[in-house]
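Novice: Sharing a structure here in structure tokens format.
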There are 2 protein chains.
Amino acid sequence: MSKTSSAGPACTPTLPGFTCGLDATLRVISGKWKPLILYFVAQGGPTRYGELRRAVRDASDKMLIQQLKELEADGLVKRTDYKEIPPRVDYSLTPLGESLAQALVPLCLWGEANLEAVNRVFAERAAAGAARSGAPGLSA
Amino acid sequence: MSKTSSAGPACTPTLPGFTCGLDATLRVISGKWKPLILYFVAQGGPTRYGELRRAVRDASDKMLIQQLKELEADGLVKRTDYKEIPPRVDYSLTPLGESLAQALVPLCLWGEANLEAVNRVFAERAAAGAARSGAPGLSA
DNA sequence: CTGGGCACTTACCAAAAGGTGCATACTTGT
DNA sequence: ACAAGTATGCACCTTTTGGTAAGTGCCCAG
């Protein structure tokens with residue numbers, strides 16, 4: 001009775017170096033802005049650096065660039081440098097990146113569906129420990 | 001090529017304090033072990049602390065407890081203390097927590113489906129900057 | 001000629017996240 | 001009696017993360 005079979009067995013334990021697929025995924029998108037960047041680019045198609053910065057405005061240049069480089073190194077986004085004189089570069093998703101972005105959709109929907117709950121949670125958090133700020137990011 | 005209808009418009013911009021639902025969600029599951037805990041409990045049903053620890057073995061007691069408390073405070077898991085003499089406590093998901101766990105399924109599947117890619121990525125990361133370790137976590 | 005934007009880069013720093021280890025109160029096994 | 005297991009709490013310290021500020025070339029508008 002302890003464990004019926006509530007949530008389906010979507011996680012095969014015992015994989016290479018990860019406890020499960022979720023574990024593997026998390027290691028790739030761990031970074032304060034990665035999920036957001038992926039998602040944003042997924043929606044807007046090739047996006048210029050400046051656009052991203054304005055979109056994810058809580059992030060600093062340093063962070064954005066850093067995360068973008070990692071995403072690029074991880075084969076999730078593709079950087080295109082037009083080598084024009086006023087610098088021009090844009091970022092787009094690789095097939096891998098797109099598939100990940102799709103997997104993020106449910107999370108986004110969850111967030112929208114439970115906005116109220118999330119907001120209450122945050123109100124309480126703020127009440128408990130003041131002086132809190134910052135944005136999201138998938139742990140690390 | 002640019003943006004067919006890749007990822008649908010599941011993210012309504014301009015929400016209360018978040019850029020989108022994804023943003024909101026991320027703020028709730030940001031924590032190195034939260035997604036894993038949620039997922040694990042979702043699969044096993046009410047789980048005792050000791051089980052969790054053995055399951056997510058890369059996490060330390062401190063971390064586990066801390067994350068569990070946050071998840072509890074955020075109304076995602078429910079802690080049940082049987083107040084027995086050899087301490088006995090177990091954690092289960094609230095409806096909210098279960099729905100979130102479901103939203104995590106795609107990420108888990110993605111991880112399994114792209115295990116090879118993820119592994120290659122990590123091999124390269126290790127090669128680039130040695131002395132790296134640690135587990136996942138959803139940013140912060 | 002000055003200011004501003006683009007796309008970054010670098011250096012320096014503060015804060016947060018995470019890890020280790022010890023302690024607790026009580027019971028059970030050896 | 002002693003080690004071990006249970007579920008945490010706490011102090012201390014290191015690593016990682018993230019932010020700030022300033023600089024770089026180059027071009028265009030005023």
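Values quoted throughout were computed directly from the atomic coordinates according to the rules given, and no laboratory measurement underlies them. These figures come from a predicted structure and were not determined experimentally. Reconstructed Cβ throughout: ideal geometry from the backbone, glycine too, with neighbour counts over all protein chains shown.
Novice: May I ask you to verify whether residue A:19 is under 22 Å from residue B:29 (Cα atoms) and assigned to a helix (DSSP H, G or I)?
Specialist: Against the criterion (under 22 Å from residue B:29 (Cα atoms) and assigned to a helix (DSSP H, G or I)), residue A:19 does not qualify.
Novice: Here's something else I'd like to know. So residue B:122 passes all but one of these: (1) outside any helix (DSSP H, G or I); (2) away from DNA strand C (no atom under 16 Å from the Cβ). Which condition number does it fail?
Specialist: (1)
Novice: Quick check: is even one residue across the stretch A:68-83 within 11 Å of DNA strand D (Cβ to nearest atom) and more than 13 Å from chain B (Cβ to nearest Cβ)? Steps first, please.
Specialist: Start the filter on the stretch A:68-83 by keeping residues that are within 11 Å of DNA strand D (Cβ to nearest atom), which leaves A:70.
Remaining after also requiring more than 13 Å from chain B (Cβ to nearest Cβ): none.
No, the conditions are met nowhere in the stretch A:68-83.
Novice: Can you tell me how many residues within the stretch A:27-49 are touching a strand residue (DSSP E or B) at 6+ places or on another chain (Cβ under 9 Å), part of a helix (DSSP H, G or I) and more than 7 Å from chain B (Cβ to nearest Cβ)?
Specialist: Here the count works out to 5.
Novice: Can you tell me how many residues in the stretch A:79-94 are under 16 Å from the mean Cα position of the chain (by Cα) and either without any contact (Cβ under 8 Å) to a residue 24 or more places away in the chain or part of a helix (DSSP H, G or I) (or both)?
Specialist: Here the count works out to 1.
Novice: Filter the stretch B:105-123 down to the residues that are among the small types (Gly, Ala, Ser) and touching a Phe, Trp or Tyr at 6+ places or on another chain (Cβ under 9 Å) and list them by number.
Specialist: B:111
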